[in-house]
Structure formats: structure tokens, C-alpha cells
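Read through the structure below, which is laid out as C-alpha cells, and then see the notes.
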Number of protein chains: 2
Amino acid sequence: MPVGTLASVKGMPQDVLEELGVQILLGNTYHLYLRPGVETVRRMGGLHGFMSWDRAILTDSGGFQVFSLTELRKVSEEGVTFRSHLDGSSHFFSPESAMAAQIGLGADIIMAFDECTEYPADRERARTSMEMTLRWAERSKKYFEEHKGEVPWAASNRQSALSTHGLQIPRSARDDSSFKSREPVAGETQTLFGIVQGGMDRELRRESALRTVEIGFPGYAIGGLSVGEPRELTREIVESTLEHLPAGKPRYLMGVGTPEEIALYAQMGVDMMDCVLPTRAARHGLLFTSEGKVSIKQAQYAQDAGPLDPNCRCRVCSRYSRAYLRHLYASNELLGQVLNTVHNVTYYLDTMRAVRHAIQLGERARFLSEQSGPKP
Amino acid sequence: MPVGTLASVKGMPQDVLEELGVQILLGNTYHLYLRPGVETVRRMGGLHGFMSWDRAILTDSGGFQVFSLTELRKVSEEGVTFRSHLDGSSHFFSPESAMAAQIGLGADIIMAFDECTEYPADRERARTSMEMTLRWAERSKKYFEEHKGEVPWAASNRQSALSTHGLQIPRSARDDSSFKSREPVAGETQTLFGIVQGGMDRELRRESALRTVEIGFPGYAIGGLSVGEPRELTREIVESTLEHLPAGKPRYLMGVGTPEEIALYAQMGVDMMDCVLPTRAARHGLLFTSEGKVSIKQAQYAQDAGPLDPNCRCRVCSRYSRAYLRHLYASNELLGQVLNTVHNVTYYLDTMRAVRHAIQLGERARFLSEQSGPKP
């Protein structure tokens, strides 16, 4: 899920996202709450209407940004008081207000308000934090069940929010047979996922998973990872936690990762992931290619007439040279950021396409071998 | 001609330029000379190969930027010594070196190296400056005739510079029936235009025009306007100068203007214009619409669900709301700059399309009335 922090995947128009085959993007509730504000988005028909995107959207609860971006925050059982990173103004998030904000933003999938346990944290701290996340999960669910009908598009379809003023999603995007943009049925509401915490302790993670499943959500996320721990530890925790999350419901690993990691975790059973890495790295000239990472600002590329990635079929790699991309980055040209982002996002999407393909081939092979009966 | 200063129309990929129907763009020799440097561009097959653009390109000579962007410059009969605005390094431009640079950059149309007379300038100063521009025009032409064969694509076609490494202009862009991207014939060279100066004095302008035509160029530009003079004066000078430039050759008014101005001058007989206004204003949130200028950052648009310009059919106006564009600009999002630029460039191109249409209708009406014979 490309990250569209402030209702925009930085530099990429929505029609380009559609062309690349993006099915779902992520919006950050913390950022949108500050700008343009939940009320503005609600009035525009929710995020879909506001950003003219009628494929899927997931919002996080704001919990992570509050912990990672702000200072002078005060955590209590009630929630978190914090100061905006923009202007220092004081705000308060709770499970209830985070649900209210996400309902107003109207994403398809929304997240319970959790506490992202800091790293490192000893076992006692990780337990305390986990227990609060579970209590906050109950409160998130309760509030959501009571108010989910208030989602901006519940009583009407999404198109009306756009078509009132003659705006429309191009037909070509809506009829894309590989992905059906689906109008929500009247009365349909959002989906709330729960989040597993527990720090780096396998037992706590197991307990958090089981007790979150006990509360009951249509999907589950693994939070609190990629917070500075060694990669091998991330992998262990993911592997063991997945065992305790029902395979029949979406399992979402938050905030990872590199192309190698997303392929690895997908093959382990993770269904959804988000990461700023492809987009943020792109804006710093760090490009992922089938031949390894390329730091395009390097002088070695200044007269390199070849494509960025000879194995990539994106619009960037089929048209522009490394020399040109290097020049754009070195000259701080907007187009450099745009093209770099198009490539990196394509690379990530292609990586996942390859994983899905491999999974399907594996299933087909298994099916065929079952069909042919026991070996003589 | 959209301005692609550093081999990029800021934020707009070349395929978007093609879709909008851009036939020719402008590159700035001063900027490209500094970054990435003429040699790099030459090795990539000239600007066309470097930026993967196979429609037309025009480069200015660097003269204007040297006068407008740099300090500590010293003008002599030989040329201009100046310091780079980037790092203060010392450089020298002359008619000969400006031709050499433009030959290396390989644009289809290149400009004589002139002195852009400052404003205001008294008659004596305007004459002195005009005389030097005429001497520099002779030197420009002489050097060009002696070295034009050195253009990077003279001995081969442009595609080879790109195709060596598998890069290609999409067929859809090349086969666009409204504009034939034309491969240069082997041995074909660039076209050098002369520039008329003379300050704000009609007589000097007339003399400059006649004497530039006497030197002889395939096309002529009117320089040294839009340098701070009142608009009405610009108009007078353009009108009177045009009379002395052959109507059968392209007449290029440099550095103008607003949508109203470009329509006006085109109807007066100007064939080509360039201006940073559409692109630069876009990046400052100033958008030209059929209903007047819109400063999109204004709070009044924060919840405006309507399109930017209801009469515009560009991708921005047919999809996104003013509220969204306002949010993007206020949040300093890259996409805001990209979408604003797409709209403004479309608006300028549509303005010129309307002018061409009106000219054709006028000609058709004139033709029909001639056909029907004298009135009884």
C-alpha cells in the first residue's frame, strides 16, 4: 500500500497510481487531522471524494505518528495529549476520537487506536503497554460499532460526492478488469482492524494476538515492529505472531519494508504491508532496481545512457536514461522526484506481483500433483 | 513554448507534455551550460537524446540570463565575463562560445548571442547596445555557418542516440497525426534566429530589424521587451517592429506573456512566444482560468468541491476539486505543483489553439467571400 500521507502519494497523480495498478493506498490520520482537518474531508465525501480516488483506502489511527513525531506528549489511560509538529498547538487523541476521525475520513479499512511500544522495552513495560492497547482496542471497537453509520458515504454512493460538480473518475479507471472499483452498497460501513503489540517478547505477542482475536476484528495487524530492532528479530516476531492470527482473515504487517522484506513476509503469510520507503527513498535519489540499489546522484551516472533498470518496464525505465535522472536529482528538479517515485512504486508493486504469481504457481503445482493421484 | 529550463518543464514528464500537445519547448543555455554541462548533453545525443524528447526544442543563447541572473559581470566587445549564480565560479560567454554551446546542445532552433538592453535606457545607450548586438549577430552567424555540422545528430538520426540502450519514444507520441515528430535527415543542421533590439525607441527598433534582416536569418526574434516597461509600450514596440520583419519567416517574441498578451500578440502576427509565467505561477498556486485568476491557497477554496475551471477539459479540472488543490498547495505537497502546472500549461496551449482556430475561421471567411465575387 503506497503511503499517501496527506491524501497524496507524493508527486504521483491518481491516474498514474491507477495505471501502475495500485489497489489500495494509505492515509495518515494524524496528518490529515491537522491538514486539512477531518471536517473538510468529511464534507467532501470522505477521503475518496476529497482526493478523487475510488479504489481502496486504509487509514492508520494516528497512534504511531503521535508517538514518533511529537514531543511533550503525555500518555494516560484516557489517551494521549500532544503538540502538533506543525505549530505546537495542543491536541488529544483517544480510542474514541481516533475512531471518530477515521469515520469522518471514511477510509475502507481503519485501525484501532493502539500504543506503539517503544524499543527497547523490558518485559514489564511491554506487558503494561500491551494491556493498555487491548483496553484501547475494546474502546475502539465499542465506539466504532456505535458510530460507524456516520461514515460520509453510508447513505449514498461515492460517485455522488464527486459528480455533484461534474467531477468524475475516468471510466477507464473504473472498468479496469483487473480491479473492480466497487461502489459501496447503501448502508455498508468501514472495516476496523485490531493491532497486536507485545514488544519483542514472543509470549507477549502470542497473548496479545489471542486476546485481540478474542475481542474480534475482521482483520489483524502486527504493530510495533521496525522500530529499531535488528531485522532478524523482526522476522522471528512476525513468524511467531502469524501463527496466532487466523489465516482466513487479512493479516497486515505495519511499516515494513525493503523489497526483500516485503517479498519474504508475503511468502510467510502476510497479506498487507505499508512503508514510506519506496516513496521517501525515491525523493532522496535512492532507487531500487533488479540489479541492486542505485544512488542516482552519484557522478558515475552522469553520462550513463542506459536505463535505470534494464529489467523494469515502467515508464521511467523505458524512456529515460540514468544520466538524465542523475541530472534531474543533482539539479533539484521536481521531475526527478516524480520519476524516481514512479519507478520505486512500480518496483514494489512488481515485487508483490511476482510473489502473488509464485504463490499461484505453487498452488497450481500442488493441485496438479494431487489430481494425478498417489505415486505408483 | 513551455520553458524547460534545465531540460525539464518543472514537474511535467515528457509523456504528459506530449499528451497536452506541446510541439516545442525551450531550454536555457545558461542553465544547461552550468548543469549538466554541454559536453554531457552532447554525448547523450544533444538535448533530444538527453531528455528523451523528439519533438522540437529551441534554446536561447544564454545572453538574457547572464544579464538578469548574474552579478559582477563585465561586458566587453569580446563578450561577457560573469559569475555563476550557483557557486560564483567565473565564466565567459561570447557569440562564438554561445553558438558552440547551442550546437553541442543540439536544439532545432538556436538564438544569436545578443545584449538585452537594460530598462530604462536613453537613446544613446539603446543605440550603442543595438549596434553591439548587430556585430554579435554577424559573429554568431559566422561561427554557426562554420561549425553547424558539429551538431550531435548531424551524422545520424536522433533515435540512435536513444535506442542504443533500449530507450525509445513511445510510438503513440511519434505517430501523433497532429504533429509529426520528424527525424532529421542526415546532414541536416540547426536553424539560427536573429534578435532585434533597440530599447523602447521605435526608430532604433526599425533600424535593428532592417539591419538584422540584412544579415539574413531564417527567423527573427524581438528581444529586450518585458523588462519592466509598461504593457502599452510593449505593445507599441511589438506592433511597429513586426512591420519590419518579413511575414514569411517565423517571428518570435521573447519572454511574454499573460494569456491575454499571448492571444493579442499572436493575432498581431507573432508566431512564437515563451514565458515562465504559466509554470512559475503554477508553482506559486496562481492559476489561470476562463473565469479569471485563481490564487488556490486562499481559504475560500478550502471546501470548494467544484473544479478549478469549469470550462477546462484538462485532467486536473475534470477530476480534482478546488478544495483538494488548495489542500495540496497549503500542505506544500509535490502533487500540488504538478497538477497546477498541468492546468496552467494546458490553459496556455488552449489559448493558442483558440487563436489559431480564429485565424483559420477568419481566413476561411475571407476566402469564401472572395469566391462569391464582387457585391452587386
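Things to note:
- The one condition in (1) over 25 Å from B:M273 (Cβ atoms); (2) within 12 Å of another protein chain (Cβ to nearest Cβ); (3) touching a strand residue (DSSP E or B) at 6+ places or on another chain (Cβ under 7 Å) that B:R43 fails to fulfil: (3)
- Single residue of the range B:7-32 satisfying the filter (among the β-branched types (V, I, T) and within 15 Å of B:L58 (Cα to Cα)) that is surrounded by the fewest Cβ atoms within 10 Å (Cβ to Cβ): B:I24
- B:R35 surrounded by fewer than 19 Cβ atoms within 10 Å (Cβ to Cβ), of a type outside the set (A, V, I, L, M) and within 14 Å of another protein chain (Cβ to nearest Cβ): yes
- Of all residues in the range B:294-335, those satisfying the criterion of being more than 7 Å from chain A (Cβ to nearest Cβ) and among the hydrophobic types (A, V, I, L, M, F, W, C) are B:V294, B:I296, B:A299, B:L308, B:C312, B:C314, B:V316, B:C317, B:L325.
- A:V338 meets each of the listed conditions (1) among the β-branched types (V, I, T); (2) under 21 Å from the mean Cα position of the chain (by Cα); (3) more than 7 Å from chain B (Cβ to nearest Cβ) apart from (3).
- Among the numbered conditions (1) touching a residue at least 12 places away in the same chain (Cβ under 8 Å); (2) in a loop (DSSP other than H, G, I, E, B); (3) of a type outside the set (G, A, S), the only one that B:H48 does not meet is (2).
- Whichever residue in the range B:1-20 is part of a helix (DSSP H, G or I) and of a type outside the set (D, E, K, R) and, among such residues, is farthest from the other protein chains (Cβ to nearest Cβ): B:L20
- Against the conditions (1) more than 17 Å from A:D274 (Cβ to Cβ); (2) under 19 Å from the mean Cα position of the chain (by Cα), A:L225 satisfies every one except (1).
- Scanning the range A:55-77 turns up no residue that is surrounded by 17 or more Cβ atoms within 10 Å (Cβ to Cβ), in a helix (DSSP H, G or I) and within 11 Å of chain B (Cβ to nearest Cβ).
- Count of the range B:54-78 residues which are in contact (Cβ under 8 Å) with a residue 40 or more places away in the chain and not charged (D, E, K, R): 11
- The single condition among (1) outside any loop (DSSP other than H, G, I, E, B); (2) within 13 Å of chain B (Cβ to nearest Cβ) that A:T81 does not meet is (2).
- Residue check for B:R319: more than 19 Å from A:Q337 (Cβ to Cβ) and surrounded by fewer than 18 Cβ atoms within 10 Å (Cβ to Cβ): no
Since every read-out is calculated from the coordinates, none of them should be taken as a lab result. Predicted, not measured: the structure shown is a model, and the values here were computed from it. As a convention, Cβ positions derive from the backbone with ideal geometry for all residues, glycine included, and neighbour counts pool all protein chains shown.
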